[in-house]
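Take a look at the structure below.
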Amino acid sequence: MHVLEASNGVLEVGSSVIQTVGLAGVLIWIEPRWSLLLGLLAIPHLVAQWYLSRATAEQVRSRTTAPRWGNYYSKILTDAQQLPTIRLLGLGTLFLDRLQATISATLEASRRLYSRRMLFQLGATLLTIAALCLVISLVGRAAQQGAISVGAFVTYWSAAWRLRASLSRLTEALALVFDGYFAVEN
């Protein structure tokens, strides 16, 4: 399953790279100086995605026994054949407490990872949009001063926003590849 997702991610990466290179070519052709800054915007996304994929794989690896214990406690508490033994030994409360603790620990670890994922993605997205707005305003100023035509500015503006979307798609595809890689590594 993970290999298939990683393979799909590789195909999506190829498609996104082609689109990104094409858009970057248009941007560099119109305004080479500021376009290189936009290319650097992929770096925070890639680093964040690598870190988050690794953290997810580490969580899965370190929490492998917790779901097994949860299944064990759940099975013992719900198995009709085990009920007389559980009652006789008074283990119902103990197993129920352990099941709840296992579920709580798993949910808390997942919540922390989800929160980190959201913060990293929000930070990378805000950084990208801020830099994009800065570059577009600088290129807009160049158009206002007559250094480039208004048509070139509109083309630049459109290609820059498409580049942002393309980079976003590229990092999502790389997430599939990274997740698959770490899953296979585990």
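Dipole size of segment 52-186 about its Cα centre, with +1 on Lys/Arg Cβ and -1 on Asp/Glu Cβ: approximately 120 debye, rounded to the nearest 20.
Determine the order of Ser166, Ser115 by accessible area, beginning with the largest, at a probe radius of 1.4 Å. Don't jump to the answer; show the numbers that get you there.
Working: Ser166 5, Ser115 45 Å².
Sorted descending by solvent-accessible area, the residues read Ser115, Ser166.
The slack between Val47 and Ala165, meaning 0.36 nm per residue of separation minus the straight C-alpha distance, is 40.7 nm. With unit charges on the beta carbon (Lys/Arg positive, Asp/Glu negative), name the residue among Ala42, Asn71, Gln82 whose Cα is farthest towards the positive pole of the charge dipole of segment 8-85. After comparing all options, I get Gln82. Entry note, the chain: the mean residue ellipticity at 222 nm calculated from DSSP H runs of n ≥ 4, each adding -39500 (n - 2.57), is -32000 deg cm²/dmol after division by the residues and rounding to the nearest 500.
Counting only protein heavy atoms and a probe of 1.4 Å, the accessible surface of the chain is 67% carbon and sulfur. Summing Lys and Arg as +1 and Asp and Glu as -1 over all other residues whose Cβ lies under 15 Å from the Cβ of Glu5 gives a net charge of -4. A 1.4 Å probe run over the protein chains yields, for segment 42-175, 62 Å² of accessible area per residue, whole-number rounding. Across the chain, Cα pairs under 8 Å and at least six residues apart give a relative contact order of 54 percent.
Each 10 Å bin from zero up to the one holding the largest Cα-Cα distance in segment 11-136 carries the following percent of pairs: 11, 25, 20, 15, 12, 10, 6, 2, 0.
The values are calculated or read from the model by the stated rules, or taken from the named source; none is laboratory data. No experiment lies behind these values; they were computed from the predicted model shown. A quick note on method: Cβ atoms are made from the backbone with ideal geometry, for glycine too, and the neighbour counts reach across all protein chains shown. Quick note on the areas: whole protein, heavy atoms, side chains included, nothing else; ligands and nucleic acids left out. Shrake-Rupley method; radii C 1.70, N 1.55, O 1.52, S 1.80 Å.
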